[in-house]
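The values are calculated or read from the model by the stated rules, or taken from the named source; none is laboratory data. The model shown is predicted, which means the values in this text are computed figures rather than measured ones. Here the Cβ positions follow ideal geometry from the backbone for every residue, glycine too, while neighbour counts run over all protein chains shown. These area figures cover heavy atoms from the full protein model, side chains too; ligands, DNA and RNA do not enter into them. Shrake-Rupley method; radii C 1.70, N 1.55, O 1.52, S 1.80 Å.
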Amino acid sequence: MSDEFEEVGEVGPIDYLVVEFPGNRMTGEGFPILVDLVDRGLIRILDLVFVRKNDDGSVTGMEIADLTGDGELDLAVFEGASSGLLGQDDLEEAATALEPGSSAGILIYENLWAAPFAAALRRGGARMVASGRIPVPDLVSALDATEGAQ
């Protein structure tokens, strides 16, 4: 993986997601969209790991090939996607957000779409000093409040 990031100037922002599947119910509905994002060159998956938090609180890894149990390979295309960024301590920390009896996908990805913009900023001497996300419910509330004030 280090060869791919040899020139740090061309790396886009790196994000992570931890997505919980309550009751270990994974439908696989989002998987084709994830594959499409990769195929279109919008993101590059650096790490993709699935874990299960057992009822006793212990955490175990899950095989990536057939997560929905339907006999079809859901994410076999990502099998072995591992940059080494995620360690066991990261998996344990992510699992603290999970309810017992649930599973989660932990995804680290590079935003390839933003790499040229980020590289141009770095060349100009700019540096990222903060980033974050606005949760969708907060956005909806803010928009509703704006509409109500008009």
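Numbers below:
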{"read-out": "Paramagnetic label zone (point 7 Å from Cα along Cα-to-C-beta, Leu85; backbone N under 16 Å) in the range 100-114", "value": "105-114"}
{"read-out": "Coil-residue trypsin sites (Lys or Arg not before Pro) of the range 78-150, DSSP, other Cβ within 10 Å capped at 13", "value": "Arg127, Arg133"}
{"read-out": "List Tyr109, Tyr16, ordered by accessible area with a 1.4 Å probe, largest first", "value": "Tyr16, Tyr109"}
{"read-out": "Prolate/oblate/rounded call for the range 97-148, Cα gyration tensor, a/c under 1.5 rounded", "value": "oblate"}
{"read-out": "Radius 15 Å from Cβ of Glu99, net charge of other residues (Lys, Arg +1; Asp, Glu -1)", "value": "0"}
{"read-out": "Gain upon complete extension [Asp144, Val129; 0.36 nm per residue less C-alpha separation]", "value": "2.4 nm"}
{"read-out": "Heavy atoms of Met62 accessible to a 1.4 Å probe, total area in Å² rounded to 10", "value": "40"}
{"read-out": "Extension gain (nm, one decimal) between Val35 and Thr60, 0.36 nm per residue minus Cα-Cα", "value": "6.5 nm"}
{"read-out": "Area accessible to solvent at Ile14, 1.4 Å probe radius, in Å²", "value": "70"}
